[in-house]
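What follows is a short report on a single structure.
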Amino acid sequence: MEFLCCHDWSELPDGADDLFRTGERQSLFLSRRWFEILAKHALDGDQQVLLACVADAGSCQAVLPLRTGPGDICHSLASSCCTSLYSLLVTGINRPAVLDCMADGLAALPFRAVRLEPVAADDEALNALQRALKARGFESHRFYRFVNWSQ
């Protein structure tokens, strides 16, 4: 299992599109198309895409779409005014090992913080990633920003 940092959609390991299709069934805001639109139209000139991935035997097991820029904080690839949900896209196969690999990879990046928003309080994948990062010495702070209403 290995952690990869991709800066272009074409660099994603095989199977990444399956994760995006699964995410899209949960929300438009977890679709590859949404993230591609954000990457093309919502980044400032000094920001770039960082697709943090975990691959096993050449197959993508997790994708965390991020954006980076000047400074030492990495952010979710999301638009504060347009994105109402963000999450880690992860397979159910060997999830604890995948999340450990993702946490190890994120911990090795040159950022002092990773800010992920907007996330649901009951997001199982991100809650597990949060625990894995805490086990590696990261602090975690959650705060209420808004609520999504649906019928």
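Readers should treat all values here as calculations from the given coordinates under stated rules, not as data from a laboratory. Bear in mind the structure is a predicted one, so any value in this text is a computation, not a measurement. Neighbour counts are summed over all protein chains in view; Cβ atoms, including those assigned to glycine, are modelled from backbone coordinates with ideal geometry.
Starting from 0 in steps of 5 Å, tell me what percent of the Cα-Cα pairs of the stretch 47-151 lands in each bin.
Per 5 Å bin, starting at 0, the Cα pair percentages come out as 2, 11, 22, 25, 21, 12, 4, 1, 0.
For Cα pairs less than 8 Å apart in space and 6+ apart in sequence, what is the mean separation divided by the residue count of the chain, i.e. the relative contact order in percent?
Relative contact order, the chain: 23 percent.
Treating only the Cβ atoms of Lys and Arg (+1) and Asp and Glu (-1) as charged, compute the dipole magnitude of the chain about its Cα centre; round to the nearest 20 debye.
Around 440 debye, computed over the chain.
Under a point spin-label approximation (7 Å from Cα along Cα-to-Cβ), what is the Arg142-Asp44 distance to one decimal in nm?
Spacing of the two 7 Å Cα→Cβ label points: 2.9 nm.
Pick from Cys82, Cys53, Cys74 the residue whose mean-square fluctuation is largest in a GNM of the chain, springs joining Cα atoms under 10 Å.
Of the options given, Cys82 has the highest mean-square fluctuation.
Kindly provide the helix-only [θ] at 222 nm of the chain, computed as the sum of -39,500 (n - 2.57) over DSSP H runs of four or more divided by all residues, to the nearest 500 deg cm²/dmol?
-9500 deg cm²/dmol
In nm, what is the difference between 0.36 nm times the number of residues separating Asp18 and Arg95 and their Cα-Cα distance?
Length gained, Asp18 through Arg95: 26.2 nm.
Let me check I've understood the local charge: for Cys74, count other residues with C-beta under 10 angstrom from its C-beta, Lys and Arg +1, Asp and Glu -1. What total comes out?
That works out to +2.
With the chain treated as a Gaussian network of Cα nodes joined by springs under 10 Å, which of Gln47, Gln61, Gln130 yields the largest mean-square fluctuation?
Gln47
Multiply the residue separation of Arg33 and Ala121 by 0.36 nm, subtract the distance between their alpha-carbon atoms, and state the gained length in nm to one decimal.
Between Arg33 and Ala121, full extension yields an extra 29.2 nm.
If you add up the charges near Asp18, with Lys and Arg at +1 and Asp and Glu at -1, over every other residue whose beta carbon is less than 12 angstrom from its beta carbon, what do you get?
Summing Lys and Arg as +1 and Asp and Glu as -1 gives 0.
What distance in nm separates the two pseudo spin-label positions at Ala113 and Glu11, each 7 Å out from Cα along the beta-carbon direction?
The modelled label-to-label distance comes out at 2.5 nm.
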